[in-house]
Amino acid sequence: LGGTILTGSIAYLTLRHLNKNTRAHSASLRSSRQIADSILLPKHIPKNPDPRLERPSFVETLKDAWNWEIEKIVRRVQRWDLRSAREEVEGTVGNVVEKVKEQF
């Protein structure tokens, strides 16, 4: 009888401890998600009744041009085929090594 009571008590306390930890982790994850959502998701999407693009100033135009150039560079890097670039470098290095071997 004592062993059964001891085993039951240990199981009960273990389940309580696990439940408490689960709730703490859940609360932590929930708060992290709220923080991430507040940073990543916009508060509201502004509605532009006029579909034309208006630039308030020359500085804003320069900022947009800068952003377009950065986006273009990023797209170019994303499309870059690393395998063909590696093969070209290997071929070039191989040719250089062959020429060095021929000289010595």
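The values are calculated or read from the model by the stated rules, or taken from the named source; none is laboratory data. Owing to the predicted nature of the structure, the values given are computational and were not obtained by experimental measurement. Backbone-built Cβ (ideal geometry, glycine too); neighbour counts: all protein chains shown. Calculation scope for accessible area: heavy atoms of the full protein, side chains included, ligands and nucleic acids excluded. Shrake-Rupley method; radii C 1.70, N 1.55, O 1.52, S 1.80 Å.
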**Asked** Can we say I39 is at pLDDT 90 or above and exposed (fewer than 10 other Cβ atoms within 10 Å of the Cβ)?
**Response** no
**Request:** State which residue is modelled with the lowest pLDDT when the search covers only the stretch 43-61 and only residues that are out of contact with any helix residue (DSSP H, G or I) (no Cβ under 7 Å at 6 or more places or on another chain) and open to solvent by less than 90 Å² (accessible area, probe 1.4 Å).
**Result:** D50
